[in-house]
Amino acid sequence: METIQIGMLGLGTVGSGVLQMIQNNEDKVLNVTGRTLNVKTVLVKHPDHHQNVADQVDLTTDVAEIINDPEIQIVLELIGGIHPAKEYIEVALKQHKNVVTANKDLIATHGPELVKLAHDNHCDLMYEASVAGGIPILRTITSSFSADKITEVKGIVNGTTNYILTQMSQQGWSYDHALKKAQELGFAEADPTNDVMGKDAAYKMVILSQFAFGTHVNVEDFVVSGIDHLTAFDVQQASKFGYVIKLIGIARVIGEGVFVEVASTLVPNDHPLATINNEYNAVMVTGQAVGDTLFYGRGAGGLPTANSVLSDITSVTKNLVLKTNGNQFNNYQRQYIPADPQQVAYRYFLSLTMPDVTGQMLKVTQMMTQIDAGFSQITQLEEDGMAHVVIITHQMTQEQLGQLQKLLGDDATINLEAAYKVLK
Ligand code: HSE
């Protein structure tokens with residue numbers, strides 16, 4: 001029976017999960033693909049640190065030993081980051097090796113050129129694990145939604161921030177305290193910047209948009225905001241109105257364009273995404289024919305992410321058997337047209353502070369009237385002569401929100417502390 005030889009770049013949590021899964025599930029993989037899998041060589045920085053697997057694999061510090069090995073048919077990139085992962089993948093593809101990667105930063109930033117290189121060299125390039133780790137969402141969109149017209153893909157695609165937000169909401173903790181706890185428990189990286197600023201989620205939305213709509217949008221093309229300015233006060237007020245605040249990535253067809261955003265968002269308590277807690281992720285895909293579908297699971301972790309990596313490896317293996325490598329992972333392509341801000345409309349949660357004196361609310365009402373927007377819910381708390389006013393507006397467009405922000409900015413006595421959209 002033929003064995004497919006794999007070269008692996010990097011041996012961290014996911015790489016260890018891959019080795020474990022290949023060992024434990026040999027029979028099933030053989031049954032499904034007709035081949036056995038073997039990780040032959042692994043690129044590591046410090047072979048001394050990985051002696052526990054030295055009897056199973058060849059450890060090397062020289063990438064050429066993998067890329068130039070004619071036996072190796074699949075290169076698995078698990079080192080992360082842009083460089084040197086990009087260069088390693090490029091060389092591997094040019095050597096006609098199929099590539100599987102979990103690298104969302106790289107695919108979101110340089111996806112189209114790598115996809116082209118893979119295609120030109122008749123190789124597969126697959127990256128199921130790059131979005132929401134253990135949730136098999138990309139292959140689901142590209143296969144199971146291949147005929148339906150997707151109108152929206154949205155979700156919670158970052159576990160670190162979802163853990164922090166869940167704790168802020170359930171324990172009443174401040175952002176700083178919840179972040180510290182997340183770090184202590186190992187949910188947040190020592191440097192959690194990309195997670196808390198929304199960038200990690202934005203990379204995943206770039207890839208999800210490509211699969212859902214066939215469009216290549218760059219992270220620079222849309223608004224990305226994180227949770228680092230979120231206050232315990234706003235979380236409590238949202239809760240009083242019947243909402244939880246979640247970091248929601250959204251990509252939605254509006255008119256002729258696509259609206260993409262990553263931002264703290266109020267989610268109604270009875271919405272399925274409101275129930276996704278702690279480090280879990282969930283992606284809701286809405287199709288014109290099928291309606292809403294929800295995919296829930298772990299967004300990170302060794303074995304969950306390894307399962308997605310193995311689904312790519314078995315797909316590549318089936319292609320090797322059938323000699324059909326070289327088709328794009330996602331072959332739906334359309335031009336990206338940003339949605340018209342006059343057509344992007346949501347209700348908004350506005351958190352305002354102002355001196356608690358006569359006439360202030362009248363001014364806010366006049367501004368709202370000037371932009372032709374209305375109040376849905378409103379509450380006011382008084383503290384040390386200051387009024388803290390929280391408003392949920394009726395639906396208004398991004399353009400109206402921009403006008404309101406300008407009017408509020410021009411008034412020296414009223415501060416707009418936060419503006420979060422409310423999920424439909
Ligand atoms: N840092 C990510 C998260 C996992 O917290 O969800 C890897 O994408």
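Hey, what number do you get for the chain at 222 nm if only DSSP H runs of n ≥ 4 count, each worth -39500 (n - 2.57), divided across all residues, to the nearest 500? Present the calculation step by step, with values, prior to reporting the outcome.
Details: 13 runs with 147 residues, N = 424.
The helix-only estimate for the chain comes to -10500 deg cm²/dmol at 222 nm.
In this entry, the stretch 231-306 is assigned a mean projected area of 7.0 nm², taken as a quarter of its C-alpha convex hull surface.
Quantify how much of the Cα-Cα distance distribution of the stretch 180-255 extends past 19 Å, in percent. Before the final figure, lay out each step's value.
On the way: 1429 of 2850 pairs.
The answer is 50 percent, as a whole percent.
I'd like the orientation of helix 302-322 relative to the chain: the angle between its Cα long axis and the longest Cα principal axis, in ° from 0 to 90, rounded to 10. The helix 302-322 is inclined about 50 degrees to the chain. In this structure the amide hydrogen of residue 151, modeled in the peptide plane, comes within under 5 Å of the amide hydrogens of 286, 287, 288, none closer than 5 places in sequence on its chain.
Plugging the Kirkwood radius over Cα pairs into Stokes-Einstein for the stretch 127-278, at a temperature of 25 °C and a viscosity of 0.890 mPa s, what D comes out in µm²/s? Reported coefficient: 154 µm²/s.
Here the 3J(HN,Hα) profile of the stretch 54-60, calculated from phi with Karplus coefficients 6.51, -1.76 and 1.60 at θ = phi - 60°, is 5, 7, 9, 9, 8, 9, 9 Hz, Gly and Pro shown as x. For helix 13-24, what angle does its Cα long axis make with the longest principal axis of the chain, in degrees from 0 to 90 and rounded to 10? Taking the Cα atoms of the chain, the angle to 13-24 is about 50 degrees. Around the amide H of residue 188, modelled in the peptide plane, lie the amide H atoms of 183, all under 5 Å away and 5 or more residues distant in sequence or on another chain. Per residue, the convex hull spanned by the Cα atoms of the stretch 330-424 amounts to 119 cubic angstrom.
Extents of the stretch 34-190, largest first, come to 57, 49, 32 Å (Cα atoms, principal axes, whole angstrom).
Give me the number: length gained by fully extending residue 324 to residue 87, i.e. 0.36 nm times residue separation minus the C-alpha to C-alpha distance, one decimal in nm. Intermediate values should be presented prior to the final figure.
Working: separation 237, 0.36 × 237 = 85.32 nm, distance 2.49 nm.
Value of the extension gain: 82.8 nm.
Restricted to Cα atoms, the stretch 240-283 shows a radius of gyration and a Dmax of 12.0, 37 angstrom.
Normalised by the number of residues in the chain, the average gap of Cα pairs under 8 Å and 6 or more apart makes the relative contact order 17 percent.
In plain terms, the C-alpha convex hull of the chain casts an average shadow of 22.0 nm² when viewed from every direction.
Using only Cα atoms and rounding to the nearest 10 degrees, what angle (0 to 90) does helix 398-410 make with the longest principal axis of the chain? The helix 398-410 is inclined about 50 degrees to the chain.
Order 64-73, 46-55 from most to least packed using the mean count of other Cβ atoms within 10 Å.
Numbers: 64-73: 17.1, 46-55: 10.9.
The most tightly packed comes first, giving 64-73, 46-55.
Nearest-5 percent of antiparallel DSSP beta bridges in the stretch 256-401? Just about 95 percent of them are antiparallel.
Backbone phi angles across the stretch 263-276, fed through the Karplus curve with coefficients 6.51, -1.76 and 1.60 (θ = phi - 60°), yield HN-Hα couplings of 6, 5, 9, 7, 10, x, 4, 8, 7, x, 5, 5, 8, 7 Hz in residue order; Gly and Pro are listed as x.
Quickly rank 160-172, 326-338 as a protection proxy: mean count of other C-beta atoms within 10 Å, highest first. Write down the numbers at each step before the final one.
On the way: 160-172: 21.9, 326-338: 14.3.
Result, highest mean Cβ count within 10 Å first: 160-172, 326-338.
Given R0 = 30 Å, the distance between the Cβ atoms of residue 394 and residue 290 translates into a calculated FRET efficiency of 0.50.
Treat every Asp and Glu Cβ in the chain as -1 and every Lys and Arg Cβ as +1, leave all other atoms uncharged, and give the resulting dipole magnitude about the Cα centre to the nearest 20 debye.
Working: 28 positive and 46 negative charges, 209 e Å.
That gives the chain a dipole magnitude of about 1000 debye.
Take each peptide in 238-246, 6-14, 283-291, 144-152, count the other Cβ atoms within 10 Å of every residue, and average; sorted highest first, the result is 6-14, 238-246, 283-291, 144-152. Checking the Cα-Cα distances for 246/424; 40/97; 154/323 against a 25 Å cut-off, the pairs over it are 154/323.
Taking a Cβ cut-off of under 13 Å around residue 266, the surrounding Lys, Arg, Asp and Glu residues balance to a net charge of +3, with basic ones at +1 and acidic ones at -1.
Every read-out reported here was derived from the displayed coordinates using simple, explicitly stated rules and does not represent laboratory data. Predicted model, so just to flag it, every value in this text is computed and none were measured. When we count neighbours, we look across all protein chains shown, and the Cβ atoms used for this are built from the backbone with ideal geometry, even at glycine.
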